[in-house]
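Participant: Please read through the structure below; I'll follow up with questions.
The values are calculated or read from the model by the stated rules, or taken from the named source; none is laboratory data. The model shown is predicted, which means the values in this text are computed figures rather than measured ones. Cβ atoms come from the backbone with ideal geometry, glycine included; neighbour counts cover every protein chain shown.
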Amino acid sequence: MTEQRKGEHLRINLEKDVRFPRLTTGLEEYRFVPNALPEISLDQVDLTTEFLGKKLRLPLLISSMTGGTAEAQRINYHLAEGAQAMGIAMGLGSMRVALEAPQWLDTFRVRHLAPDILLFANLGAVQLNVGLGAEDCQRAVDLVQADALILHLNPLQEALQVDGNVDWRGLLGKIETVCRTLTVPVVVKEVGWGISGQVARRLVEAGVTAIDVAGAGGTSWSQVEMYRAPTERRRRLCAEFADWGIPTAEALREVRATLPNTPLIGSGGLRSGMDVAKVLALGADLGGLAGPFLKAAAVSAEAVADLAAEMADVLRTVMFCLGITRIEALKGTPALRWVGPGRNPGGSQPAPDA
């Protein structure tokens, strides 16, 4: 059942339009104020950064996507090879299927192809309420030699699935137990509907090391589930939530304002190097992308590396044209201005309060 669902998710994401119909990331409401006299050389721009103690050549994460099918293995191999070539981070898809059916473990094992990357294992947080424990989380990490574990939150997706796990009682305490016992850092992410500042604070107080806001505006998993729905009534239910969520820019502002020192990943609807530059300027430490990398990985590892290289070119050019040489200086830069709906893109309005 899990393998079939993963295969359907992969096919739907590659073949169907699963974007939010109206809701956007909010990143389009921001513009950089160019520095016409940057007083630096393009060669001085340094894109290297560090996240969870590991050095990256680019502040970029291939967000968690897939695993557990033959096609997923090919895609994960391409993603890993591309990540290794470009020195970026990679998240694996949910590994529950590998714990339940070990024959699928090799679809997640990519360390032999990417010995140096920052690699994240991944499990659904709600699985802690349906049989998995801290020891299973550690086993998932060990099986793929991951540097950290992502626990993903997806209550709406579970509610929309016919066979979803909808008992989320007491989950924060179990996440705290995992954080206390695991030998690697724990990251918590949403799957595309965003994390609020209040929820992020509760998670960090429970011991979570980093937050991935995974905001709304990219892939809408309610749309994905709509294509899987077995009845018209279930399809209508999914359609009601087509524009549910916290836009990525809003979630980033709020979480960064609430937790100024917490490692933060900005993902959810990013499509370009310009989007990556904007989430970094809004306070993220890494920018995460899934959809564009999935489409590239369906072609080849070289296509994955080329996409990352293109984003690096854009990010480097943005920083040069702002007179910024280091990623750390890009974070929170006043050169990113909110223009908002109906505002003049050349205006100089500050960003709205978080």
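Participant: When only residues in segment 136-165 that are more than 27 Å from residue 235 (Cα to Cα), among the acidic types (Asp, Glu) and without any contact (Cβ under 8 Å) to a residue 40 or more places away in the chain count, which is surrounded by the fewest Cβ atoms within 10 Å (Cβ to Cβ)?
Facilitator: 142
Participant: Oh, and also: Which one of 6, 16 is surrounded by 15 or more Cβ atoms within 10 Å (Cβ to Cβ) and at pLDDT below 95?
Facilitator: Of 6, 16, the one residue that is surrounded by 15 or more Cβ atoms within 10 Å (Cβ to Cβ) and at pLDDT below 95 is 6.
Participant: Going by what's in this entry, would residue 217 be described as within 22 Å of residue 338 (Cα to Cα), in contact (Cβ under 8 Å) with a residue 40 or more places away in the chain and touching a strand residue (DSSP E or B) at 6+ places or on another chain (Cβ under 6 Å)?
Facilitator: yes
Participant: How many residues are modelled with pLDDT under 90 and either part of a helix (DSSP H, G or I) or touching a His at 6+ places or on another chain (Cβ under 7 Å) (or both) if we restrict to segment 199-237?
Facilitator: 8
Participant: Moving on. Considering segment 222-262 alone, what residues qualify as being touching a Leu at 6+ places or on another chain (Cβ under 7 Å), of a type in the set (A, V, I, L, M, F, W, C) and over 19 Å from residue 285 (Cα atoms)?
Facilitator: Passing the criteria: 237, 238, 241, 244.
Participant: To continue, here is another question. Which of the numbered conditions does residue 94 fail, given that it passes all the others? Conditions: (1) under 16 Å from the mean Cα position of the chain (by Cα); (2) farther than 24 Å from residue 136 by Cβ; (3) not hydrophobic (A, V, I, L, M, F, W, C).
Facilitator: That leaves (2) as the condition not met.
Participant: Shifting gears a bit: Looking at segment 79-96 only, could you name the residues that are under 13 Å from residue 124 (Cα atoms) and surrounded by fewer than 24 Cβ atoms within 10 Å (Cβ to Cβ)?
Facilitator: 96
Participant: Sticking with this structure for a sec: So, in segment 310-338, of the ones that are modelled with pLDDT of 95 or more, part of a loop (DSSP other than H, G, I, E, B) and not hydroxyl-bearing (Ser, Thr, Tyr), which residue ends up surrounded by the most Cβ atoms within 10 Å (Cβ to Cβ)?
Facilitator: Selected residue: 324.
Participant: List, please: which pairs have Cβ atoms under 8 Å, are six or more places apart or on different chains, and start with a residue in segment 40-55 that is over 11 Å from residue 87 (Cα atoms) and end with one that is loosely packed, with under 15 Cβ neighbours inside 10 Å and modelled with pLDDT of 95 or more?
Facilitator: Within 8 Å, the pairs are 46/326.
Participant: If a residue counts only when it is acidic (Asp, Glu), which helices (runs of 4 or more DSSP H) contained entirely in segment 82-188 have at least 3 such residues? Spell out how you get there, then give the answer.
Facilitator: Details: elements: 96-100, 134-144, 155-160, 171-181.
In segment 82-188, the matching helices (runs of 4 or more DSSP H) lie at 134-144.
Participant: Select from segment 226-272 the residues that are hydroxyl-bearing (Ser, Thr, Tyr) and closer than 24 Å to residue 204 by Cβ and list them in ascending order.
Facilitator: The answer is 248, 258, 262, 267.
Participant: Of the numbered conditions (1) touching a residue at least 40 places away in the same chain (Cβ under 8 Å); (2) not in a loop (DSSP other than H, G, I, E, B), residue 192 fails exactly one; give the number of that condition.
Facilitator: If we test residue 192 against (1) touching a residue at least 40 places away in the same chain (Cβ under 8 Å); (2) not in a loop (DSSP other than H, G, I, E, B), just (2) comes out false.
Participant: At pLDDT below 95 and crowded, with 18+ Cβ neighbours inside 10 Å, is that true of residue 65?
Facilitator: Yes, satisfied.
Participant: How many residues are in contact with a strand residue (DSSP E or B) (Cβ under 8 Å, 6 or more places away or on another chain), buried (at least 18 other Cβ atoms within 10 Å of the Cβ) and not in a helix (DSSP H, G or I) when one looks only at segment 239-258?
Facilitator: Qualifying residue count for the region: 3.
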